[in-house]
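Peer 1: Following this message is one structure expressed as structure tokens.
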Amino acid sequence: MAAESNPQNAKFPLGSSVRIKSTGQLEAYSHNSRLRYPPSGNQIAYGGGSDSVRRITFSIRGDVLYELETAPGFWHEELLERRMEYSPLLPHVRDALKSIAPSRDGELVYYPCRAVLKSGSACDSVYIVSEKPYVKHWGVYPENDPGKRWIKIEDIAEVQESPIRLPARFANEIYQNGESGMGYTIFTVVFADGVRQAYATGNAVDFIRYPIGKGPKDVAAVIPHEGRRDDSLVKSPEWYWCLFSE
């Protein structure tokens, strides 16, 4: 080991809580010849579990290696991720969600809403969702996914109906028809006056940019997968995930 390497370069400090990546991810890493210590079968059994950093050391090439309190062996940084404890729904959030119709993507239940934070700022596109179904569906926690934005349930002061969500029954229709391609969904919204607008989004479809003067009450229908070649195709707004523990 390279004893002169600096522990301050480590991503996870001594004593910090970490989450071991999923069993499937560890199995993929076990075939990675670049790793000095690819995960063994014994280590793979700890996939998805939580642990804490007991010791930090380094390979002869200078790779940061961790020894954990419970899981055996050496762990490269890419095998671990930040671990966050999620709080249960606070009473004021739980009460507010009773008036917001959820949307459903298979077993996953979304509450698309407007969240006012304790800081005074607000966001019209927040998904409040239970932790375990979320991870089962998406495979990675939002704080460990650079492509996702997230807020903490403890920071929410007020929850309201979002003015930019699709009504639940239309969002559910899109979910039931699946994605339009790898990692994206395209659909057309038909409004009561006959106007049509095509949208492109990821695999969460509840929030859209409404045409001026229109809102959720004006939606008459949705057409999944239609609009790919529409010149007026609009990208959906960015959104935030907010997970809670059951």
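The values are calculated or read from the model by the stated rules, or taken from the named source; none is laboratory data. In this text the structure is predicted, and so the values were computed from the model without any measurement. Cβ atoms come from the backbone with ideal geometry, glycine included; neighbour counts cover every protein chain shown. Keep in mind that these areas ignore ligands, DNA and RNA; they rest on the heavy atoms of the full protein, side chains included. Shrake-Rupley method; radii C 1.70, N 1.55, O 1.52, S 1.80 Å.
Peer 1: What does the extension gain come out to for residue 11 and residue 37, with contour length at 0.36 nm per residue minus their alpha carbon separation?
Peer 2: Difference between extended and current length: 7.6 nm.
Peer 1: Also, I was wondering about something else. Relative contact order for the chain: what is it in percent, counting Cα pairs under 8 Å that are at least 6 residues apart?
Peer 2: Worked out over the chain, it gives 17 percent.
Peer 1: Given springs between every Cα pair under 10 Å in a Gaussian network model of the chain, which of 226, 85, 143 has the largest fluctuation?
Peer 2: Maximum among the listed residues: 85.
Peer 1: Take residue 94, project a point 7 Å from its Cα along the Cβ direction, then tell me which residues of the stretch 227-246 have their backbone nitrogen under 20 Å from it.
Peer 2: 242-246
Peer 1: On alpha carbon coordinates alone, what is the Rg over Rh value for the stretch 1-99, Rh being the Kirkwood radius?
Peer 2: With Rh from the inverse mean 1/r over Cα pairs, Rg/Rh is 1.13.
Peer 1: Dipole magnitude of the stretch 137-246 about its Cα centre, charges +1 at Lys/Arg Cβ and -1 at Asp/Glu Cβ only, in debye to the nearest 20?
Peer 2: So the dipole magnitude of the stretch 137-246 works out to roughly 360 debye.
Peer 1: For each pair in 118/235; 152/217; 98/132; 98/214, compute the distance between the two Cα atoms and list the pairs where it is over 22 Å.
Peer 2: Violating the 22 Å Cα-Cα cut-off are 118/235; 152/217; 98/214.
Peer 1: Probe of 1.4 angstrom, ligands and nucleic acids ignored: what's the accessible area per residue over the chain, in square angstrom?
Peer 2: Result: 52 Å² per residue.
Peer 1: Among 30-39, 209-218, 148-157, how do they line up by average Cβ neighbours within 10 Å per residue, starting with the highest?
Peer 2: Result, highest mean first: 148-157, 30-39, 209-218.
Peer 1: Over the stretch 40-128, what is the relative contact order in whole percent, taking alpha-carbon pairs under 8 Å and six or more residues apart?
Peer 2: In percent, rounded to a whole number, it is 14.
Peer 1: Let me ask something else about it. How large is ³J(HN,Hα) for each residue in the stretch 169-185, as worked out from phi by the Karplus curve 6.51 cos²θ - 1.76 cosθ + 1.60 (θ = phi - 60°), to whole Hz, x for Gly and Pro?
Peer 2: For the stretch 169-185, the Karplus curve yields 5, 7, 4, 4, 5, 5, 4, 5, 8, x, 6, 8, x, 5, x, 8, 9 Hz.
Peer 1: Per the Kirkwood definition applied to all pairs of different Cα atoms, how many angstroms is the hydrodynamic radius of the chain?
Peer 2: Value: 20.4 Å, from the Cα pair sum.
Peer 1: Same structure, new question: For the stretch 90-133, with equal point scatterers placed on the C-alpha atoms only and solvent neglected, what are the log10 I(q)/I(0) values from the Debye formula at q = 0.16, 0.28, 0.30 1/Å, to two decimals?
Peer 2: Normalising to I(0) and taking log10 leaves -0.46, -1.14, -1.21.
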